[in-house]
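Asks: Dropping a structure here in structure tokens format, bear with me for questions.
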Amino acid sequence: AIGAKNDLATVLLPDLIARGMTLQPNTVAVRLNAREKAITAVDCIDKHSGEKFTVKARYVILSAGAMGSPHLLLASGLPELNPGGHNVGRYLMRHVNAI
């Protein structure tokens, strides 16, 4: 291997982990928790054990994909923190293509 791969796992993660970031593999975020107009914690489930736990953080980055991000925002019921209001996920649609 020549180390030429440029993706998140090789470019950013080692530095972020060295700075204190915790990576939680095999974990599903199920709800965002807010306090004082900011997300302060995420309720999660371990995919292997089924254990439920909460991760508290100063910063939370939501990056669950085109389907997962709107789902998590809506499931969390945080209208006061939702600048898109009722538009979150509203125009999301599946575009079926055939060749």
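Asks: Charges at C-beta only: +1 for Lys and Arg, -1 for Asp and Glu. How large is the resulting dipole of the chain about its Cα centre, in Debye rounded to 20?
Replies: 120 debye
Asks: Less than 19 Å from a label point 7 Å out along the Cα-to-Cβ axis of A9: which backbone N atoms in the stretch 26-44 qualify, by residue?
Replies: 26-28
Asks: Students often forget the sequence filter, so: which aspartates and glutamates lie under 13 Å Cα-Cα from K52 once same-chain residues fewer than 8 apart are removed?
Replies: Reachable aspartates and glutamates: D43.
Asks: With only alpha-carbon atoms in the gyration tensor, what are the semi-axes of the equivalent ellipsoid for the chain, in Å, largest first?
Replies: Taking √(5λ) for each Cα gyration eigenvalue gives 26, 22, 15 Å.
Asks: So what is the relative contact order of the chain, in percent, for Cα pairs below 8 Å that sit 6 or more residues apart?
Replies: Computed over the chain, the figure is 19 percent.
Every number here is computed from the coordinates shown, using simple stated rules; none is lab data. Computed from a predicted model, the values in this text were never measured in an experiment. Here Cβ is always computed from backbone atoms with ideal geometry, including for glycine, and neighbour counts include all displayed protein chains.
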